[in-house]
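Written out below as structure tokens is the structure these notes cover.
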Amino acid sequence: MKERVLILGGGIIGLACAFEAASDGSREVTVVERGGFGGQATGAAAGMLAPFSENVEQPDAFFELCLDSLRRYPEWVERIEERSGMEAGLRRTGSLGVALHEADLLPLQSRLRWQRAAGSGAELLTAAQAARLEPRLAACAGGIYTPAEAHVDAPQLAAALEQACRSVGVRLRAGQGGLASLELRPGDAPECPVALTTERGERFEGDRLVLCAGAWSGEFERLFGLPETIHPIRGQICAYGVPDGEVRHMVFTSQAYWVGKSGGRLVCGASEDVAGFCTDVTDRGIGRLERWSARAFPMLAGMRPSLRWAGLRPATRDGRPLIGRLSGYPQVLFAAGHYRNGILLAPATAAAVLGLLEGDELAASAAFHPERFRRGFSAHPSGAFAPSAGAGTSAPSRAEAAGRGDDAGRTAAAPGGPRRGRA
Ligand SMILES: Cc1cc2nc3c(=O)[nH]c(=O)nc-3n(C[C@H](O)[C@H](O)[C@H](O)COP(=O)(O)OP(=O)(O)OC[C@H]3O[C@@H](n4cnc5c(N)ncnc54)[C@H](O)[C@@H]3O)c2cc1C
């Protein structure tokens, strides 16, 4: 009998995990989605694949994961496009990090050496060179050009991925509402299968459960007795109507970014707001982007964005995702909390989840272990995590999750940790 894998959440992470898990035909994969496929944050994202621009301080495990994912992208997108017959909108434009002031040059210079060693191919640019690369840019002090970076059309990629999932036999169940109940016992599959019932009243059974609920994943940390670290950080973002090709690269400044998309859209993002699960767009949030747009691209002065929207990034306490298996419930895997980089990290996350499903316990780095915030947890010498003596799981034997999780009155804690970036 095929192993049955249940995936909760149909954003880019859930769909990517489903596609990978189902591709070799050895598993029966079902994605259970509360609303529509394509996700929440996923549908809002700028789609930048920018590990170098997003990791400006030092190479660490998170940077390595981002870089690994970027390297997987071309082949991954090719497979998705082949399976779906749809385009994902991958554009290898490279990026331009711009110093609008002399003081902004130092951070660009200091990241150059280690990023070049990691394969960025980056070059420092004088003001004149930056102007030649990006003629519409305002006068600046200089910049850094990173040819290795690219971007995709995130909603288009998600739509292609959904179709690719269908073509490899993934069962897609949308409109399920929240989780009404979850039944499982500590221990390993197949003796301890998982059963979940949705608010719509459908019941799903599986041998494995992969939790990919984006900004709503905190409720599952809570359910399994873990500290609740995943929380929403709203990103407000907008797009100007600008002819294709006017802005050739992804452009980053210390305050905002711009990405030219097909169809005459120049996307500018993004705010980072603590607003609970509220997805309202505010004049204040977009006004800030408008001011920076006018500053960086004089052609945008006096123009208003033609589109404005917002999404909820799934943030974690240290800015890193949760990817791994629960020690007390080995049939349960987390793949959530990708914060600003979930589009970039989708292929590497899916590969790690596939490795874990295949029994490779080192497929996901200990740096991303879902229990790392629990007191008493320590890294095992092998690199895997192991609970210290006496640190058992406190998740109930029959876990009941009630409510939709859209708790508009709640205020999320600001993400801590050293991560800096802009997506
Ligand atoms: C403005 C903005 C710009 C961004 N730009 C970039 C970028 O340029 N590059 C990049 O890499 N990343 C970017 N990101 C981050 C990226 O969008 C996210 O990290 C990524 O989309 C997270 O994917 P996800 O599948 O985990 O979450 P989501 O896309 O939010 O999907 C989660 C899904 O789970 C479902 N769900 C929740 N609870 C349940 C439940 N109980 N049962 C069933 N389903 C459930 C939800 O309905 C949703 O469909 C950006 C984000 C924002 C907001």
(message) If a residue must be crowded, with 18+ Cβ neighbours inside 10 Å and over 21 Å from Val152 (Cβ atoms), how many such residues does region 87-104 contain?
(response) 4
(request) Only one of these is closer than 22 Å to Gln255 by Cβ and in contact (Cβ under 8 Å) with a residue 12 or more places away in the chain: Leu90, Leu96. Name it. (result) Leu96
(message) Looking at the structure I just gave you, is Arg313 away from the ligand (no atom under 16 Å from the Cβ) and either modelled with pLDDT under 95 or on the phi < 0 side of the Ramachandran plot (or both)?
(response) no
(message) So, in region 324-346, exactly how many residues are away from the ligand (no atom under 11 Å from the Cβ) and open to solvent by less than 10 Å² (accessible area, probe 1.4 Å)?
(response) 6
(message) So, in region 35-54, exactly how many residues are crowded, with 24+ Cβ neighbours inside 10 Å and in contact with a Phe, Trp or Tyr (Cβ under 8 Å, 6 or more places away or on another chain)?
(response) 6
(request) Go over the candidates Gly38, Gly47 one by one and state the one that is under 17 Å from Val152 (Cα atoms), touching a His at 6+ places or on another chain (Cβ under 9 Å) and in the same structural domain as Ser217 (by TED's automatic domain parsing). (result) Gly47
(message) Where the second residue is in a loop (DSSP other than H, G, I, E, B) and at pLDDT below 95 and the first is within 15 Å of Arg288 (Cα to Cα) and of a type in the set (Val, Ile, Thr) and lies in region 246-260, which pairs have Cβ atoms under 6 Å and are six or more apart or on separate chains?
(response) Thr253/Leu100
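So that you can scan it fast, the table gives a plain yes or no per residue for (1) within 30 Å of Val353 (Cα to Cα); (2) open to solvent by 60 Å² or more (accessible area, probe 1.4 Å); (3) away from the ligand (no atom under 11 Å from the Cβ); (4) hydroxyl-bearing (Ser, Thr, Tyr):
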| site | (1), (2), (3), (4) |
| --- | --- |
| Arg265 | no, yes, yes, no |
| Ala270 | yes, no, no, no |
| Arg288 | no, yes, yes, no |
| Arg320 | yes, no, yes, no |
(message) Cβ-Cβ distance below 7 Å, separation of 6 or more or different chains: which pairs start in region 347-375 with a residue that is closer than 14 Å to Phe19 by Cβ and open to solvent by 20 Å² or more (accessible area, probe 1.4 Å) and end on one that is outside any helix (DSSP H, G or I) and of a type in the set (A, V, I, L, M, F, W, C)?
(response) none
(request) Quick one: Gly328 ticks every box in (1) modelled with pLDDT under 95; (2) within 23 Å of Ala88 (Cβ to Cβ) except a single one, so which number is it? (result) (2)
(message) Here's a check for you: in region 127-176, which residue that is in contact (Cβ under 8 Å) with a residue 40 or more places away in the chain, of a type in the set (Gly, Ala, Ser) and in contact with a strand residue (DSSP E or B) (Cβ under 6 Å, 6 or more places away or on another chain) is farthest from Arg248 (Cα to Cα)?
(response) Ala141
(request) Pick out the one residue from Ala174, Ala213, Ala160, Ala164 that is within 16 Å of the ligand (Cβ to nearest atom), modelled with pLDDT of 95 or more, in contact with a Phe, Trp or Tyr (Cβ under 9 Å, 6 or more places away or on another chain) and farther than 21 Å from Phe334 by Cα. (result) Ala164
(request) Look through Leu362, Leu322, Leu354 and report the one residue that is assigned by TED's automatic domain parsing to the domain that holds Pro51 and modelled with pLDDT under 95. (result) Leu362
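The values are calculated or read from the model by the stated rules, or taken from the named source; none is laboratory data. Quick caveat, the model's predicted, so the values are computed rather than measured. Backbone-built Cβ (ideal geometry, glycine too); neighbour counts: all protein chains shown. Protein only, heavy atoms only, side chains kept; ligands, DNA and RNA dropped before computing areas. Shrake-Rupley method; radii C 1.70, N 1.55, O 1.52, S 1.80 Å.
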